[in-house]
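To start, the structure itself, in structure tokens.
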């Protein structure tokens, strides 16, 4: 069983915040796999690659160099930490993430990242179901639609109704794609973060992790 805590869930459920806090508490490496797909989206936009061109996009993903740390992402040696969170990238990332060739390349890189570090807290949308089905602990974070939209507005600004519509659209794409759709693993601990503080969520996951270590 890999020393991986796999955290999945939809946009706005609190994955990044929770995963980073948990990794810090446990002194484990942290990987935001969503940033990887955003990095490829940014690279495609810079190279003017049509994101609907399946083969061209997959080829791009295989040649782009991603360098990810807890706090930053470099795409072909360019600091893209801020730009990958732009509305333009956010609008297109689900299309890029639905590309099977891109997903295959990202999964290979994610597994290599964990192998090199001996484990970690890894968050995304298919981490427990596809990338690390043998993770020591699988978590699925969720929250009510209004809470998720409110969090995104607080984080990035914008109109809450427009943000809610964007989230709903992304949910539909992510959960209905043929390759690695967003869904709970049968062994996942489901945590609704709507009415919980970050510390409360981290405490519950930490408790579950310690219990798994003792099994």
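Here are the numbers for this structure:
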quantity	calculated
Selection within segment 25-44 - at positive phi and buried (at least 24 other Cβ atoms within 10 Å of the Cβ)	none
Within segment 139-215, helices (runs of 4 or more DSSP H) holding 1 or more residues that are within 16 Å of the chain's Cα centre (by Cα) and either crowded, with 17+ Cβ neighbours inside 10 Å or modelled with pLDDT under 90 (or both)	145-156, 160-176
Residue match in segment 1-11 (condition: in contact with a strand residue (DSSP E or B) (Cβ under 7 Å, 6 or more places away or on another chain) and not assigned by TED's automatic domain parsing to the domain that holds residue 147)	no
Subset of segment 95-134 [farther than 18 Å from residue 42 by Cβ, touching a helix residue (DSSP H, G or I) at 6+ places or on another chain (Cβ under 6 Å) and part of a strand (DSSP E or B)]	120, 121, 123
Which listed residue is in contact with a strand residue (DSSP E or B) (Cβ under 7 Å, 6 or more places away or on another chain), farther than 22 Å from residue 87 by Cα and not assigned by TED's automatic domain parsing to the domain that holds residue 66, from 125, 212, 183	212
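Conditions (1) closer than 20 Å to residue 177 by Cα; (2) out of contact with any strand residue (DSSP E or B) (no Cβ under 9 Å at 6 or more places or on another chain); (3) not assigned by TED's automatic domain parsing to the domain that holds residue 190, marked per residue:
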| site | (1), (2), (3) |
| --- | --- |
| 38 | yes, no, yes |
| 49 | no, yes, yes |
| 76 | no, no, yes |
| 79 | no, no, yes |
| 88 | no, yes, yes |
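The values are calculated or read from the model by the stated rules, or taken from the named source; none is laboratory data. Everything quoted here is computed from the prediction, not taken from an experiment. Every residue, glycine among them, receives a Cβ derived from its backbone with ideal geometry; neighbour counts consider all protein chains shown.
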